[in-house]
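Note sheet for the following structure.
The values are calculated or read from the model by the stated rules, or taken from the named source; none is laboratory data. All values reported here derive from a predicted model rather than from experimental measurement. So basically every Cβ, Gly included, is an ideal-geometry build from the backbone, and we count neighbours across all protein chains shown. Accessible surface areas use protein heavy atoms only, side chains included; no ligands, DNA or RNA. Shrake-Rupley method; radii C 1.70, N 1.55, O 1.52, S 1.80 Å.
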Amino acid sequence: MIHKASPDNAETLTQIALDAKRHWGYPENWIQHWESDLTISPDFINQNQVYVAEDEGEIRGFYALCLNGDKAELEHMWVRPSYIGTGIGKELFLDAMERASKLNVNTIELSADPNAAGFYARMGAQQIAEVDSDIDGQTRKLPRMKVEI
């Protein structure tokens, strides 16, 4: 079941984001570098459209839509690693698109982890650019993607 996140979920959501990022095998010092970007605060939950997929009392994934007029940023979309590949990501993505449509959003953009770009492409997102992300002297290319609703 997908429902609105509670500010009390902040710590759990942060842990899911960190665990999901670790799932891709990034070095721990990179995870620490990204920790502030992956931290979900109670205020963030209160100020944005944050929804969780929960089953049997366990939050299995979540997304965050940050609205700006008729556009939105899919700021976060993470699935607990033990549930990656089970369809929860697809359910979350489709829920986000439906919710955005009801909020009169017609364009959603996101910066994808390179490991997740294929998923977003399968869901209908198109790459519109690349964003450089420097870490430990290496430049990573992050796909910048867009979904028209």
Rounded to the nearest 0.05, what FRET efficiency do Asp43 and Lys102 have when you use their Cβ-Cβ distance and R0 = 25 Å?
0.55
Return, for the Cα atoms of the chain, the radius of gyration and Dmax in Å, separated by a comma.
14.7, 43
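Can you tell me the FRET efficiency between Asn68 and Gln15 if r is taken as the Cβ-Cβ distance and R0 is 41 Å, rounded to the nearest 0.05?
Values: r = 28 Å, r/R0 = 0.68.
Using R0 = 41 Å, I get an efficiency of 0.90.
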For region 108-149, what's the radius of gyration and Dmax over Cα atoms, in angstrom?
10.8, 37
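Pop the C-beta distance of Glu58 and Asp134 into the FRET formula with R0 = 35 Å and round what comes out to the nearest 0.05.
Working: r = 36 Å, r/R0 = 1.03.
Calculated transfer efficiency: 0.45.
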Pick out, from Ala20, Phe119, Trp30, the residue whose Cα sits farthest towards the positive end of the charge dipole of the chain, with +1 on the Cβ of Lys and Arg and -1 on the Cβ of Asp and Glu.
Phe119
Modelled label-to-label distance, Leu142 and His23, 7 Å Cα→beta-carbon offset: nm?
1.8
Glu109 versus Trp30: modelled label distance in nm, points set 7 Å from Cα along the beta carbon direction
2.4
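Nothing charged except the Cβ atoms of Lys and Arg (+1) and of Asp and Glu (-1): what's the magnitude of the dipole of the chain about its Cα centre? Round to the nearest 20 debye.
Working: 14 positive and 24 negative charges, 97 e Å.
That gives the chain a dipole magnitude of about 460 debye.
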Can you tell me the dipole magnitude for region 1-42 around its Cα centre, using point charges on the Cβ only (Lys, Arg +1; Asp, Glu -1), in Debye to the nearest 20?
140
Might you tell me the accessible area per residue for the chain, computed with a 1.4 Å probe and given in Å²?
53
